[in-house]
Amino acid sequence: MSTLTIIYAGMFYLATLLLVAGLVFKIYDYSRTPAPLKIPTTPAPTTQKGVVYRMAKEVVLFESLFKSNKWIWVFGWLFHFGLFLVLARHLRYFTEPVWSWVGFIQPFGKYASIMMVIGLAGLLARRFVVDRVRYISTPSDYLMLVLLIAIGVSGMLMTFVAHTDIVGLKAFFMGLMYFDVQPLPADPILLAHLALVALLMVIFPVSKLLHAPGIFFSPTRNQADNPREHRHVAAWAARLDQNN
Amino acid sequence: MAAAEFETPELKDYIEVPKLREGATAHVKSFIAAKPVQDFMGYPHELGDDWKERAIDKMGDLLGKYRSLKVFLDACVHCGACTDKCHYYLGTSDPKNMPVARQDLMRQVYRRYFTTAGKLFPKLVGAKDLTKDILDEWYSYYHQCSECRRCSVFCPYGIDTAEITMAGREILNHVGMGQKYSNEILGKVQKIGNNLGLPGPALEDTLEGLEEDIEADTGVPVKMPMDVKGAEVLLVTPSADFFSEPHVESLIGYAKVFHAAGISWTLSSHASEAGNFGLFNGNYETMRKVAMRIRDAALELGVKRIVVGECGHAWRVAYSFWNTLTGIGYGGNDPFSIELQKQLDPNYPQPQHICELTNDLIKAGTIKVDPSQNDDMVVTYHDSCNVARASRMGTEPGGQFTIPRELIKSVANNFHNMADETIYESTFCCGGGGGLLTDDLMEVRVKGALPRMTALNNVVKEHQVNFMATICAICKAQFTKVLPKYGFDMSMVGGVHQLVSKAIKLD
């Protein structure tokens, strides 16, 4: 087995471990931290069912962002929905036999990469063009977009310009999943693409990408507006009641 | 110490998003609380040698107690959606008044001390060591936020800058940089019973005087009872209602409503204040202590209903937090809340807003009104931020918008809304909320009122509006001060129950 294969196999095992462990820790940490007061941004749904509906609209349609700024909404939604299709398409490299719906969305997933990169480019352009957004941007804000664009573009190159050894790639990843490491095709574009993805996986749980799990724990969006009907008390606050 | 000179912004036809002017209001510094004030609150009054450790420790403590803080500091992606949403940014052009930049003042420190990325690569992710300069910026800019939550409406993750501001002020208090205005008031309300520091006898005199005025005016002996055991309703209202103009007109309105409906009611000298500045300071225990006065008064007087007068942040605390803090509400199954809840009349929401009460009475025909009494008025309605974005009225989401408007329309014939993007959940703060209603912050108060003044100016030009009704004591006091700066008459602002008071039939 080549050194290259060993390096990439180790890299993906490590990246997966850090991603999963980091996210599990963060989600555990969010879930055990109380929200002592009812602070939904109102008007808010009065039932738990309503909260699920509100959250679904936020996650799928970016409802609040739509109210806020149509440019960010267009670019942000193009990027995220494109990414979603692209990721779904990639499931074919991790399943055997390939699930039928994954097969069905292959063409959509291919062209979704264009949506994704256009969205990212728009978001990056705003960081340069809009003075308010430029003011708040840190180096990592730019680099994150550059990283995602690089992943998107390297992927598109392999889809539309210079095909890689996709059969060999699938064998490599299936091998990783079954702890039976297979050789990785030594295509420079593919190697760049994979290294950048591994980097993204490592960054995910220690960066602003935490907005993905974070939104589900956001008290202004996930609480029902029913404080007069239900008494809501956090454990650390309930102790105060006993001193009276 | 004289406040800096400044110019009132010019009103334009629409609300303009200004170009950044860095440091435009960096000089703004609310007066710091002195030793006796801080002593009473249990905070230091000056920075000790260990201020930095104390600040970081407090931040860690809050991160463990408030999921909002932890998630909000992590989740922001710097998308910029909030950057043009804050009235203080729109009015001052200072980029640190953009919600995200205000949050970043704390986020940079959070990242440095509490996140892996910030510990390893501070420059990359904008993390910074806590310094005295940063602490001073916190003090300045966390007192240029009215905790109005407008940014939280537009944030894709619901990040509420008010939560960050509250945490910032809490940390500042713990290192010895309390704000004079809010902390003095928190002392008065706990020692005397209300924010204005009116002792019981003075309050009684005031109420008697008002009773005489009403009788002279209407010929009807409308009463303003205090500390009456066994009354049905305990009315808790902001103390400004007792003697500030135009607030007192609404108090007269509430009294007339109770009189006309034949509901026995009482005020409490122990709980003669609905306002709760504990909210502004972000300290749960202070907020709870202040709220407990209402529970104690309710238990002592044996009332069956608790009704809250026209006050924005008080209604937030009452509606959203009283049940949590004091058991005023329903659904408690612990001895602490059952003690109070078994006494309350389950036919009514607890607590109830005075607008809910009056609107129901008018709809049921229990009280009669003659809207033509307000025919000299062309009315608009200013949604107060805490009512609009942090509470509700009635049974349906959005009742906090429809019920006050329904009520206004039933007592006045001429009503026009201001522009859509400036009302309901998108309402602009008056500019004086959240603990900023003090003369030492006049510059940000006047500039922060610009978006609301612009929207008002448009309905004045278009519909000859001459009265802006609102249900918040702070809004009323703030507008009384800033309306003249923008060329309006200060008597243009008043309460919804000021209109009710004129229209209600008393016999």
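Derived value for the stretch A:109-220: Kirkwood hydrodynamic radius 16.2 Å. Basis is the mean of 1/r over every pair of different alpha-carbon atoms. For the stretch B:369-503, the fraction of C-alpha pairs more than 17 angstrom apart is 56%. Compactness of the stretch A:3-242 was expressed as the Cα radius of gyration divided by 2.2 N^0.38 Å, which yields 1.20. Can you tell me the relative contact order of the stretch B:369-503? Whole percent, Cα pairs under 8 Å, sequence separation 6 or more. Relative contact order here is 33 percent. Cysteine residues of chain B whose C-beta has no other cysteine C-beta under 4.7 angstrom: B:Cys76, B:Cys79, B:Cys86, B:Cys145, B:Cys155, B:Cys311, B:Cys355. Annotation for the stretch A:136-244: chymotrypsin sites (Phe, Trp or Tyr not before Pro) lying in DSSP loop with at most 16 further Cβ atoms inside 10 Å of their Cβ are A:Tyr178, A:Phe179. Stokes-Einstein diffusion of the stretch B:91-130 at 37 °C, 0.692 mPa s viscosity, Kirkwood radius from Cα pairs, rounded to a whole number: 315 µm²/s.
Calculated mean residue ellipticity, 222 nm, chain A: -21000 deg cm²/dmol, from DSSP H runs (n ≥ 4) at -39500 (n - 2.57) each, averaged per residue and rounded to 500.
In percent, how large is the relative contact order of chain B, given Cα pairs closer than 8 Å and 6 or more residues apart?
It rounds to 18 percent for chain B.
Amide H to amide H, with H built 1.01 Å from N, B:Val493 comes under 5 Å of B:Met468, counting only residues 5 or more places away or on other chains. For the cross-link pairs A:Lys38/B:Lys70; B:Lys132/B:Lys188; B:Lys12/B:Lys85, the ones whose C-alpha atoms lie over 21 Å apart are B:Lys132/B:Lys188. Note on the stretch B:205-245: Cα convex hull, mean projected area over all directions, 3.5 nm². Within 10 Å of the Cβ of each residue in B:122-133, the mean number of Cβ atoms contributed by other protein chains is 2. Relative contact order for chain A: 36 percent, from Cα pairs under 8 Å spaced at least 6 residues apart, divided by residue count.
Does the stretch A:20-63 come out rounded, prolate or oblate by the C-alpha gyration tensor, with a ≥ b ≥ c the root eigenvalues, rounded set by a/c under 1.5 and, if not, prolate when a/b is larger than b/c and oblate if not? Judged from the Cα gyration tensor, the stretch A:20-63 comes out oblate (a/c at least 1.5, b/c at or above a/b).
The 3J(HN,Hα) values that the Karplus relation (6.51, -1.76, 1.60; θ = phi - 60°) gives for the stretch B:211-221 are, in residue order, 4, 5, 4, 5, 5, 5, 6, 10, x, 10, x Hz. Gly and Pro appear as x. Phi angles of the stretch B:104-111 translate, via the Karplus equation with coefficients 6.51, -1.76, 1.60 and θ = phi - 60°, into HN-Hα couplings of 4, 4, 8, 4, 4, 6, 4, 4 Hz per residue; Gly and Pro are given as x. Computed over the protein assembly as shown, the P(r) curve from all C-alpha pair distances, binned at 20 Å from the origin, holds 16, 47, 27, 9, 1, 0 percent per bin. Amide H of B:Gln179: which non-local residues (sequence gap of 5 or more, or other chain) have their own amide H closer than 5 Å, using H built in the peptide plane? For B:Gln179, whose amide H was placed from the backbone, the distant partners under 5 Å are B:Ala33.
Dividing the summed helix terms, -39500 (n - 2.57) for each DSSP H run of n ≥ 4, by the number of residues in chain B produces a 222 nm estimate of -14000 deg cm²/dmol to the nearest 500.
Rounded, prolate or oblate, given the Cα gyration tensor of the stretch B:35-178, with a/c below 1.5 counting as rounded?
Oblate, because a/c is 1.5 or more while a/b does not exceed b/c.
Over every Cα atom in the stretch B:107-185, the radius of gyration and the widest Cα-Cα span, Dmax, amount to 14.1, 43 Å. Report, in whole Å, the centroid distance computed from the Cα atoms of the stretch B:49-127 and the stretch B:339-412. Distance between centres, Cα-based: 38 Å. Amide H contacts of B:Trp265: B:Glu232, B:Val233, each under 5 Å away and 5 or more positions distant or on a separate chain (H built 1.01 Å from N in the peptide plane; Pro and chain starts excluded). Neighbours of B:Glu425 by Cβ distance under 10 Å: Lys/Arg scored +1, Asp/Glu scored -1, total +3. Cross-linked pairs A:Lys26/A:Lys67; B:Lys223/B:Lys502; B:Lys52/B:Lys119; A:Lys49/B:Lys363; B:Lys29/B:Lys119: Cα-Cα separations exceed 20 Å for A:Lys26/A:Lys67; A:Lys49/B:Lys363; B:Lys29/B:Lys119. For chain B, the fraction of C-alpha pairs more than 34 angstrom apart is 35%. Within the shell of other residues whose beta carbon sits under 14 angstrom from the beta carbon of B:Ser244, the net charge comes to -3, with Lys and Arg scored +1 and Asp and Glu -1. Where does helix B:450-463 land angle-wise versus the long Cα axis of chain B, in degrees 0 to 90, nearest 10? So the helix axis and the longest Cα principal axis differ by about 40 degrees.
Could you tell me whether the stretch B:10-83 comes out rounded, prolate or oblate from its Cα gyration tensor? Rule is a ≥ b ≥ c as square roots of the eigenvalues, rounded for a/c under 1.5, then prolate if a/b exceeds b/c, otherwise oblate.
Judged from the Cα gyration tensor, the stretch B:10-83 comes out oblate (a/c at least 1.5, b/c at or above a/b).
What the phi angles of the stretch A:128-143 give under the Karplus curve with 6.51, -1.76 and 1.60, with θ = phi - 60°, is a coupling list of 8, 8, 8, 4, 5, 6, 4, 4, 8, 7, 9, x, 5, 5, 5, 4 Hz, glycine and proline written as x. Would you mind telling me which residue in A:His193, A:His232, A:His211 has the biggest mean-square fluctuation in a Gaussian network model of chain A, where springs connect alpha carbons within a distance under 10 angstrom? Comparing A:His193, A:His232, A:His211 in the GNM, the peak value goes to A:His232. Near A:Glu63: Cβ cut-off under 9 Å, other residues only, Lys/Arg at +1 and Asp/Glu at -1. The net charge is +2.
Every number here is computed from the coordinates shown, using simple stated rules; none is lab data. Since the model is a prediction, treat every value here as computed from it, not as a measurement. Every residue, glycine among them, receives a Cβ derived from its backbone with ideal geometry; neighbour counts consider all protein chains shown.
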